[in-house]
Structure formats: C-alpha cells, structure tokens
Amino acid sequence: MLKSFAASMASLAILAGPVLAQSTCDPAKLSSAIDRYAAEPFSARTWRVLNGLGDPMLDPAPSDADTWALQEQWKKLAAEILPASQSLQDVSWSCRIGYPLSVLQKRIDQLGKDHPYVKQWLMVQEQVLRACTSEDGQISLPPPLGDDAAFANRQKADRAYQDASIAFYRDKEKAIPMFRAIAQSNSIHRAAAAYNVANLLANAKQPAEARKQAEAILADPTLASVHGITQELLGYIANQEDTAEGWTGLIDGDIAVIETPADKILSSEDLKRQYAAALYDIDFVGIRAKDGDWWLDGILPENPTISKSLVDASRQHPMALWMMAGQSANAKFQSAPWSLIGDKWQTRMSDYVGKALAVQPSGGQLKGPALDMLKALSAKPDDATRAEIWSKARSAMDLAEKSCGEAPETAAAGFLLNHAVRLSALSGHYEEAKEGLQSVPFKTSRAYSAGALYGLAQYLAGQGNTAEARTLRDKLITPELLAGLASGDDVLDRNRFSALLALVAEDEAHWKDAVLRNSDPGSDITFNFLPVKTLWALAEDTGFSQQDRALFARAAWTRDYGLQRKVDGPHLDLMLGLNPEIKAIADKVKADYPDISPRNQRLLTILRSPPHNILVSMPGDWMNESIKPESFTEIDGWNPNDKNWWCPFETDRQLGALRKQANDVNGLEDDGGYQIKRLGDVYDPALVPQLDANRDKVLKAHPMIDATDWKELRALSRMAQGPERLSDAAIRWGKASKGQDGAPEALALAVRTTRYGCNWHGSHERYSKAAQQLLATKFKGTSWQQQTPYWFGCRRTEWNKDFTEKVTTCEPKTWPKQAPLN
C-alpha cells in the first residue's frame, strides 16, 4: 500500500459526454480501444469508461515509478552546475531525490544556473547525499554563503531543511523534532517538513501519531502540495494499524479518485498523480478476485479488519462489487478452454453471479454494459440467452465503431463478443458464430483474433470437429490475418494459431503451411514422427529456412547412420551443403589425417561434432523448441540427451509429448495440474475422458501421423545410443590402427561421448572402459591418452526422495506408458 507520485503524462483522453457518429474510423484506433479494456475487462479503468467517466489514459504508477527519471534529471543538472563533483551525480537508490530536485529547479528559475547561491545550495545538498548513501563518516554542512539580505532568509530555510534531511538518514529520532519545528514555522519547506514528520512516525511504527499528523496535513489547505503523497502514506499507515476503519478509509479514498470524471483529472497535475496511484492501489487494498463466497455471504472471521472493509465496500460501492465478482468469475474463463464448460460450471456461474447481484444496495445499482458483462459470465447457451447476449454484443460493437472507440460501450464490446461466440459454440450453432465474427468491425484487435476467433477454433479442435475447424480456417483465419500478427504478443498469437491449424490439417500441404507460420517451425513434435524419407524431402523444401532445412538433414542423416544405412552419396552431400559447420569439421579431419578412410572420417567428424541427433523438436515442460545448436563443436551441458550424440527414439516420451502438444492447443493441462486447482468448484473431471478420446481421434487421423513409418520408429527405438555406437566403432578402429590415422583421438572423443552424450539408457561402462583402457595401453603417452584418465559408467542423475540433492542412478529413464496411435 505504499504508493507515490505517478509520473504519467496524459495523451488523448476518452472524455465523458455525448458521442457523435464518425464517418470514418481508423481500424487500428478502434482495435486499440477495444483491446485496452478487453485485456482487463473487470478493471477499475474499464468500470469508469463503462459508466461514462471517460479514460484519462494514465497508467497505474507504483511508488517508485518516477525514481529513475528523477535521478537522471538530477544527475544532468548537477553535472552542468558542478561538473567536478562526481559524488553529486552518484545518487544512491535510497536517496529521496524528488523534493531536492524540485527545490534545485526552483532556485535555478529564481536565480539562474550560474548564481553562486545555486552552487552553494548544491554543495550543501552533497552532504545530504553522503548521509543517504553511507552510514560512515561525520557529516557537517559547509559554511553559509555570505550575508546577502537578498537570499539570507531563503538560505536559512534551505539549510535548516537540509540539516534535518541529514538527520532523516542518520538519526531519525532526532529528525522528527527538527522537521516539526520547520513545519510549525513560516518556512518555504513547511509542507515537505510536515509530510516528513508523518512519514518518520509511520516508519517508527507509531501509526496512531502518524495518522494524526497525516490527517492534520490533509485538513490544512496551505499544505495542499503534499496532500497527494500524504493520502498515499495513509495506505502504509492503514496497513500498520490493520483496522477495518483504516482500510475502509483507504478504499473509499481510492474509489472516490477513480470515479472522478476524466476532464477534472486532466485539469490537475495533483489529481493525475492521485489517479495513477489509486489505480495502482485498488488491487493492493483487496478490490480484486476472491476465493470463495465469504465476502458475498458476509461471513467474517473473528476480529475482522480488511475482510470487513471489503464486505462493506462491496455493499457500498457498485464498482467494488462489480470488480471483485467479475474478476473472480472471469478468472475461471481465463484459466480454461470452452471445452471444459459443462453443467457444473454453468450452474456455479449462475449461482455466483446471482448471489453477487443480490448484494444490496450496490447490486441493484449496477446497470448498462457493466451489468451486461457480469451477466454474460453466467449466460447459458439456450436460445433466448444466446440471442440476448448476441444483441448486447452487436449493439456494443456498433456503438464502438460509430464513435471510433469513444462510446462507453467500447469497453464491453470485446468481452461481450467473446461470450456470444462461446454460447454459439457450446450450443453447436457454428454458422451463427462465424457470421457474428464475420461482422466484427475490429478484426485487427486481439479481442477478436486471440479471443473470440481463437476460442471458437480451439473449441472445435477440442471437440475433434476438424471439419468445422477447417471451414473456420478457410473463412476467417486467413493468411492476411496471420500475416498481421507480426510483433510482440501478436507473434505468440500467430504461434498459437499455427499449432492449432497444424493439428487440424487435412493433408501435408496444409500442415506445412501451418507450421511455416510459426516463429519456430521445427518445434512441432510431429516432425519427430516423420519417416527419414520425408525429412530428406523437407530438407530440399525451400519453403523452410536454411536453418530448418539443415536441421531436417542432420536428423535424417543421423537416423540413417544410427540404423546403419548407406550414409554417403547425395544425402551426405545435401547434409554437408546445408550444414557448412559440419563440412568444415569433416574437411579439418581430412586435413589432419590425409590417409583416413571415408568411414573413419565420418566417425571422427561425428565425434568432433556433438549436435548429431535424431530429433527435430525437443519436448519441453512449458514449450517445445527445435534443436538448433549455437555451436557445432561445443558440448551442451544443459541437455545432453537431446543435444549431444543421440539417444534412441523414446516412443513413450514422444507420444506423450505429441499428446501434450495437442492438449496445449486445446487448452488442457494434465490431471493434477494447476489448471484443476485454479478452476476449483467449476471443474468437472467427467468431461476429460471424452476430450482425451477426441484428441486421439484427431491425432490418429492426422495426415502426418498417419504417414508415420512405425516399423522405422521401432528400429530407431531399439538401435544403439550414440555413445555406444560411436565407442564400439572407435574401439574397432583403435584395435586395427597403428596410431597415425586418428584412432587415438577417436578413442578419447568416444570416452567423451560417454560422459556428455545420451545418459538415459543405462550404464556406459562396457564400451567407455574398453575405449579408455585401449587408449591407455596401446596409445600410452599420446596427448589423447594423457587427457583421458577416466572412463564413465552411469551418468544419469535424479532427485533423491527428499528432493534435497541429485544422485546418480544406473536405472534407465522411463516415461508414462502411452497407447499407440497406429
């Protein structure tokens, strides 16, 4: 609750008043206005626009929002006036620089930068900065500058305040009477001094005395310059007191400021600061989403403080009721896809919103689009309700378009559209949803694309209704729409659409078109299931980037190598052509050992280049990513199993990742995940089995999964892991070698693969020990033998049962058993 000045500047403002129809409206302006409120539909900012109070276009400001900017201004002025004094420019973050900066600027305005007194004031202030920067050393003010009557009184007042400021940082108990004396005088610093007394008392944990001082300041119009920060200080004091009365006073004050008309806020710099602080405060004082119904039912704990103030606020202030009820209910919709909305969800939402509207008198005072939004949260997909919500949504969109985003209904348009489409989807009225979306006037907004449109597409995919999803794609998820999602959050939205369209694709062409729209096309787990011949074909597809094609070629070639297929000829040429880094390594091997055989040249090239993997996409807990190494010679210490010398194809792992990828598209989390905990009383586990069945039906019918060579994948899952295959080959070479053809290096690097390569599939002892001992006996004294003193067995680590440390285990890693998709 510690809030300070807001350093926000007002730009264009949506002001209350009559709305005139505009003949033309910039689509970007309209979309921006829609998204501004749709992003936080039950915020204080949205509330005031819905109720005709306008939007001052000021952002919430935390207590230190302007600290950096003020420090930069201070440093610039100090450097101009006293350039030799570096300590004046090295301002500690603990130094409160706002008020000293305002005093310096006033002195400059009054006297000019070059006036001796301005320089003298800065030299005195330098001692204050010493006090706030360090607790070491004695601090004393330099002698005053002469006795010129023109500034004698000003200098006396300044020095008294600066002396008290030193005490503020060094001896707070001493500072209180010093500031109090200034506050009770006719000093030009009396307002700031009075505030510092209240601040020091609050920080001394004397809330009663601090409140008394703060209220006296607010009652004195001559101290108006510090009324704003004093009001913010009351938040800190209320937190210390923790009384219902204190919290109520704070909540009432914040709401009063927030509900001030925009034109009045913009007419006063002080009101601007208060408004920005109130927007920031309102969440911290508890006007936000709530767990449970206690506040609606008025059930309070023993000796309630803030809980009582929240219950009282919800009865007294419609804004408080609307924000808390709206955010609480809307959090459920933000945490889950429409596919999880069933009877349990709808019954709970209906009960919850009904209970909120029954709170009196505030519930009865809700009206207009604010009331429409709250009711939309509980709307069920019956014909009458669906028609009503669509009517409200169309009306809000029409008014938003006609006013170019200035009508109060603008703040509800995106939200109501989303729920209208939801009801059409849940009731199976897909044409109605598509027609409604087709008529939206703000198609470049995220409320449209990432909200209602994606919500419908996601629902169709989750229901396994790929035919309808494709129809929606062809009609509304156009190349133009996707091309417009090019920066910031839009890229994330495009990636979400890409993954969804890839999931519902009916053929390879549509699947490729979808994945190519992703910022990381190779992150699609589907690539890991593609036959080698398909990967080779994609490596020649110039629709993909050179990096992606290089990855496809590496994975295909390494799979062929692991399966002991032919690996020279055109495919080797293609792989090396797309991977010049590997070609350079191969050329260096040949240069180092001119008589080396092609077979051993390939082996040593692989041993020198860790990123020989059989996967394209690396499954992740949060997101998948394509395997694109930063270096082709350096070990990856973070993920040796996917990024250094291959593991066999782990079928259960990859099938689990494929299903998870589909679940992510469908907005579903695994059982036991945070999603279930967040949904709480609306979650119905009975819906999940059918959704899982829908997902598997889509995956089994997917053109790329249907084309999977399961026999080849089975062979990849049974082949030797990289360290084993490479070590055995190096041992055979070493046994036949006389030591001048690269065999010692191959043996040393083979041992390295057993330390840093795949470690999920048991011990490396057999071949690691054999390679190291062959190197130690046959090639003793070589540099390669000297830098390979050890062999390696088990390298996999996992947390112990207490999760206090990681321990080494020889047990192969396993994954949850997956049902086949063929």
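The values are calculated or read from the model by the stated rules, or taken from the named source; none is laboratory data. Given the structure is predicted, the values throughout are model-derived calculations rather than measurements. Because the Cβ atoms are built from the backbone with ideal geometry, glycine has one as well, and the counts that use them run over all protein chains shown. The protein model used for the area step is the full one, side chains on, heavy atoms only, and it has no ligands, DNA or RNA in it. Shrake-Rupley method; radii C 1.70, N 1.55, O 1.52, S 1.80 Å.
A few comments on the model shown:
- Neighbour-limited loop hits for trypsin sites (Lys or Arg not before Pro), the stretch 751-822 (at most 11 other Cβ within 10 Å; DSSP other than H, G, I, E, B): Lys780, Lys801, Lys817
- Interatomic Cα distance distribution for the stretch 246-323, bins of 5 angstrom, percent: 3, 15, 26, 21, 15, 10, 5, 3, 1
- Too-long pairs where the Cα-Cα distance tops 31 Å, listed order kept, from Lys264/Lys332; Lys355/Lys677; Lys392/Lys700; Lys738/Lys806: Lys264/Lys332; Lys392/Lys700; Lys738/Lys806
- Of the GluC sites (Glu not before Pro) in the stretch 554-633, those whose Cβ has at most 10 other Cβ within 10 Å and which sit in DSSP loop: Glu630
- Exposed-loop-free span, longest in the chain, where chymotrypsin sites (Phe, Trp or Tyr not before Pro) count as exposed if DSSP calls them loop and at most 13 other C-beta atoms lie within 10 Å: 94-621
- The angle between the Cα long axis of helix 27-38 and the longest principal axis of the Cα atoms of the chain comes to about 80 degrees, rounded to the nearest 10.
- Potential lengthening of the chain between Arg678 and Met123 amounts to 194.1 nm, from the contour at 0.36 nm per residue minus the alpha-carbon distance.
- Three-way shape label, the stretch 368-454, alpha-carbon gyration tensor, a/c 1.5: oblate
- Heavy-atom accessible surface of the chain: percent carbon and sulfur, 1.4 Å: 51 percent
- Cα-based reach from Lys75 at 21 Å (exclusive), listing lysines while leaving out same-chain residues under 8 positions away: Lys106, Lys113, Lys119
- Derived scalar couplings between HN and Hα for the stretch 651-662 equal 4, 5, 4, 6, 5, x, 5, 5, 5, 4, 4, 5 Hz in order, rounded to whole Hz, by the Karplus curve 6.51 cos²θ - 1.76 cosθ + 1.60 (θ = phi - 60°), x for Gly and Pro.
- Ile188 - accessible surface, heavy atoms, 1.4 Å probe, Å² rounded to 10: 100 Å²
- Amide H contacts under 5 Å for Ser626: Ser523, Met618, restricted to partners 5 or more places along the chain or on a different chain, H placed in the peptide plane at 1.01 Å from N.
- Expected-Rg normalisation [2.2 N^0.38 Å, Cα atoms] applied to the stretch 420-575: 1.24
- Taking the C-alpha atoms of the stretch 641-713, convex hull volume expressed per residue in Å³: 122 Å³
- Karplus-derived 3J(HN,Hα), 6.51/-1.76/1.60, for each residue of the stretch 749-759, Hz, glycine and proline x: 6, 5, 4, 4, 5, 6, 8, 10, x, 3, 10
- Reciprocal of mean inverse Cα separation for the stretch 682-785 (Kirkwood radius, Å): 17.1 Å
- For the stretch 269-402: rounded, prolate or oblate by the Cα gyration tensor [a/c cutoff 1.5]: oblate
- Computed over the stretch 204-334, the P(r) curve from all C-alpha pair distances, binned at 5 Å from the origin, holds 2, 10, 18, 20, 19, 14, 9, 5, 2, 0, 0 percent per bin.
- Whole-Hz couplings from phi, Karplus 6.51/-1.76/1.60, listed for the stretch 45-57; x for Gly and Pro: 5, 5, 4, 5, 5, 4, 9, x, 8, x, 10, x, 6
- Structure-based [θ]222 nm, the chain - -39500 (n - 2.57) summed over DSSP H runs of at least 4, per residue, nearest 500: -18000 deg cm²/dmol
- Taking the inverse of the mean reciprocal distance over all distinct Cα pairs, the Kirkwood hydrodynamic radius of the chain comes to 32.2 Å.
- For the stretch 522-660, the Kirkwood radius over C-alpha pairs fed into Stokes-Einstein at 20 °C and 1.002 mPa s yields D = 140 µm² per second.
- Size descriptors for the stretch 112-254, from the alpha-carbon set: Rg then Dmax equal 17.1, 55 Å.
- Distance between the C-alpha centres of the stretch 239-314 and the stretch 469-497: 40 Å, rounded to the whole angstrom.
- Accessible area (Å², per residue) of the chain, counting only protein heavy atoms and a probe of 1.4 Å: 44 Å²
- FRET E, pair Asp26, Glu431, Förster distance 35 Å, beta-carbon r, rounded to 0.05: 0.70
- Straight Cα distances below 30 angstrom link Lys735 to the lysines Lys566, Lys583, Lys588, Lys590, Lys643, Lys769, Lys778, Lys780, with same-chain residues fewer than 8 positions distant left out.
- In a fully extended conformation the segment linking Thr133 and Ala537 would gain 138.9 nm over its present Cα-Cα distance, using 0.36 nm per residue.
- Filtered trypsin sites (Lys or Arg not before Pro), the stretch 186-245: DSSP coil and at most 13 other beta carbons within 10 Å: Lys205
- The distance between label points at Leu141 and Glu506 comes to 8.5 nm (points 7 Å beyond Cα on the Cα→Cβ vector).
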